[in-house]
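Take a look at the structure set out below.
Please treat every number below as a calculation from the coordinates, not as lab data. Because the structure is a prediction, the values reported are computed rather than measured. When we count neighbours, we look across all protein chains shown, and the Cβ atoms used for this are built from the backbone with ideal geometry, even at glycine.
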Amino acid sequence: MKKREVHASVKDERLIQKRRDQMINGAVKLFIEKGFHRTTTREIARSAGFSIGTLYEYIRTKEDVLYLVCDRIYDQVRERLQKILDTKQQTTLDDLRQAIANYFRVVDGMQDEVLVMYQEVKSLPKDALPYVLRKELEMVDIFKQMLERCVENGEISLSENQIKMHSHNIYVQGQMWAFRRWELRKLFTLDEYIELQMEFLVEGAKGVKENTKECIYCETRNVPAN
């Protein structure tokens, strides 16, 4: 799907990126504090540190800013994940662990943006929403490819449907660190959260045996499978 173009009257690409980063940072704080609909473009400009006139040199609407917020999240996360996939011909469980940890750390570094995305993505214009949702599915697909490669090299045994479900689970559990942070940060450090999720997401996958419908827990304790 083609990337949605955000109009800018300025031609300097580096300046465009700089100003839009300032807008994004300023807008995210306002969207969390006031919500998307109650925030004005004038407030975004003020928070970003420049005039409303300057702001309109880089965007046309407030919805453009929200789109840029979502786009930046997906671009940064996908870039880190894709590097692991592209440099490995045979993905191992260690690679999967590294990818999950990297993903969770990116989410941690962009907690505010992720929170805004979940709260306000419904406010995106109709021509932008399908593109943003497609980018989300592309990230889920990266985890799906990693799981498939781990199945191919015999480290785990999952059915096609289990792989699909597991890839979505990984994606959602990473995002949960942002939108449930008000409680999770009271209970765990980021490292503790990552370690605990690894037990569910990686070790749990290792325990699935499609042919016998047994799990590691049953095997090691001589408990018959149901």
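Take every Cα-Cα distance within segment 66-220, group them into 5 Å bins from 0 onward, and report for each bin the whole-number percent of pairs it holds.
Here the calculated profile for segment 66-220 is 1, 9, 18, 20, 19, 15, 10, 5, 2, 1, 0.
Taking 0.36 nm per residue of sequence separation and subtracting the Cα-Cα distance, how much length would be gained by fully extending the chain between Arg105 and Ser123, in nm to one decimal?
Numbers: separation 18, 0.36 × 18 = 6.48 nm, distance 2.67 nm.
Answer, rounded to one decimal: 3.8 nm.
List the pairs from Lys18/Lys164; Lys18/Lys186; Lys11/Lys135; Lys11/Lys164 whose alpha-carbon separation is above 31 Å, in the order I gave them.
Lys18/Lys164; Lys18/Lys186; Lys11/Lys164
Per DSSP H run of at least 4 residues, take -39500 (n - 2.57); add these up for the chain, divide by its residues and hand me the 222 nm value, nearest 500 deg cm²/dmol. Before the final figure, lay out the partial values.
On the way: 12 runs with 156 residues, N = 226.
My calculation for the chain gives -22000 deg cm²/dmol from helical runs alone.
How far, in nm, would the chain grow between Gln82 and Met176 when pulled straight, counting 0.36 nm per residue and subtracting the alpha carbon separation?
On the way: separation 94, 0.36 × 94 = 33.84 nm, distance 2.13 nm.
31.7 nm is the gain from fully extending Gln82 to Met176.
Rounded, prolate or oblate: which one fits segment 53-150, using the alpha carbon gyration tensor with axes a ≥ b ≥ c (rounded when a/c is under 1.5, else prolate when a/b beats b/c, else oblate)?
prolate
At a threshold of 8 angstrom on Cα-Cα distance, excluding pairs fewer than six apart, so keeping six or more, what relative contact order does the chain reach in percent?
20
Suppose R0 equals 22 Å. What FRET efficiency, 1/(1 + (r/R0)^6) with r the Cβ-Cβ distance, do Glu57 and Leu133 give to the nearest 0.05?
Efficiency, rounded to the nearest 0.05: 0.15.
Taking neighbour Cβ counts within 10 Å as the exposure measure, how do Phe36, Phe179 sort from fewest upward?
In order of increasing Cβ crowding within 10 Å: Phe179, Phe36.
Checking the cross-link filter: which aspartates and glutamates have an alpha carbon closer than 13 Å to that of Lys126, excluding same-chain neighbours under 8 positions apart?
By straight Cα distance, Lys126 reaches Glu63, Asp64.
Using alpha-carbon positions, what is the distance between the centroids of segment 1-64 and segment 97-120, in Å?
Taking the Cα centre of each part, segment 1-64 and segment 97-120 sit 21 Å apart.
Check every DSSP H run in the chain and write down those whose alpha carbon atoms cover 27 angstrom or more along the long axis and whose mean Kyte-Doolittle hydropathy is -1.0 or greater.
13-34, 62-87, 129-152, 160-179
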